Structures are given as C-alpha cells and as structure tokens.
1. Using only the alpha-carbon atoms, what does the stretch 1-97 span along each of its principal axes? Please give whole angstrom values in decreasing order.
2. How many Lys pairs in the chain lie less than 23 angstrom apart by Cα atoms, where the lysines are 8 or more positions apart or on different chains?
3. Between the stretch 103-152 and the stretch 1-28, what is the C-alpha centre distance in whole Å?
4. For the chain, what is the calculated [θ] at 222 nm in deg cm²/dmol (nearest 500), taking -39500 (n - 2.57) for each run of four or more DSSP H residues and dividing by its residue count?
5. Restricting to Cα pairs below 8 Å that are 6+ residues apart, what does the relative contact order work out to for the chain? Please round to a whole percent.
6. Give me the accessible area of K91, 1.4 Å probe, in Å² rounded to the nearest 10.
7. For the stretch 15-124, which GluC sites (Glu not before Pro) are both in a DSSP coil and crowded by at most 10 other Cβ atoms within 10 Å?
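The values are calculated or read from the model by the stated rules, or taken from the named source; none is laboratory data. This is a predicted model, so every value here is computed, not measured. Glycine also receives a Cβ, built like all others from the backbone with ideal geometry; neighbour counts cover every protein chain displayed. Just so you know, the surface numbers come from the protein's heavy atoms only, side chains and all, with ligands and any DNA or RNA stripped out. Shrake-Rupley method; radii C 1.70, N 1.55, O 1.52, S 1.80 Å.
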Amino acid sequence: MEIFIKLLDKKQEIPFDLLLLADPSRDLVEEYVRRGYCYLAFQENEIVGEFVLIHTHPQTIEIANIAVKEEYQGQGIGSVLVYRAIEEAKKLKAKIVEIGTGNSSMNQLKLYQRCGFRIFGIDPDYFIRNDDEEIYEDGIQCKDMIRLRMDL
C-alpha cells in the first residue's frame, strides 16, 4: 500500500466529507483549516485520508483533525497519518504535538498511545458544549475530550 501525502493547496476544494468524519462541526472545521495546514493522503489517485495541523501555543502544534475514509480504515493508514503529522510538526519547529479525542473513541485512544502520545488532561463536557447533537460510539456517549501530547 503506497500512500502519498501532500499539503492542500489553498485554491483546492476542502474535502469536508472526510474532515467531518472526525469533527461534526463544519464551522470549526472551516476555521481551523483556514488557519492551519491540511494534508491529504492519496492511494493511487484517490483521497483516502487527511490531517490538519494548527499552532496552538509557541512551539506547540495540535493535530486538530485526522481521518481515514471508512472503506480504508483498519489498513494502517491512520498510523501512517499520525507519524507523518509528527514529522510535519517537527518541520514547523514544534517541541510538543497535541491531539484530542472523545472519551468514547477507543480505537483512536489506542492508536495515539501506540504512536507515543500520553494522556495529559481531560476537557469535561467538551462535546456537550460544542456539538449540537449527541454523539455515541459503541453505546458510550461522547462527552469529554481526552487530551494527549508528545514531546518532540
């Protein structure tokens, strides 16, 4: 499986269908894509995934969005994207990379920890405050954001 990753050109159409897999708020997605760096992952000529990096603090980059098309999940593409996001953060002179996910997102929590991230905090009720609709994964309501980080 050959994955090619490139930075989204500001003139290119934003792949909202993919970005909204990871974040249901179109307004938030538009805001952080506009101020950050959106990278697209291709397999042959098809977009199969993406990630967005934003500066949050001096020398800190957050992976604000990361997603793999549903039909390509479970093939290791998520790991490729996470490791590439870390490399891109280093190129942007970051000393810390952060990522957040829902308390109900067990697969994402496992992936991020396997890639070297460690939990450093919880934002209670983040998804209740920021999403119009309730989110459930495997019968668990997504309420809190689990914050993870990695020192580079």
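1. So the extents along the principal axes, rounded to whole Å, are 36, 27, 24.
2. So the count works out to 15.
3. Comparing the Cα centres of the stretch 103-152 and the stretch 1-28, I get a distance of 20 Å.
4. -8500 deg cm²/dmol
5. With pairs under 8 Å counted, the relative contact order is 19 percent.
6. 130 Å²
7. Those satisfying the criteria are E44.
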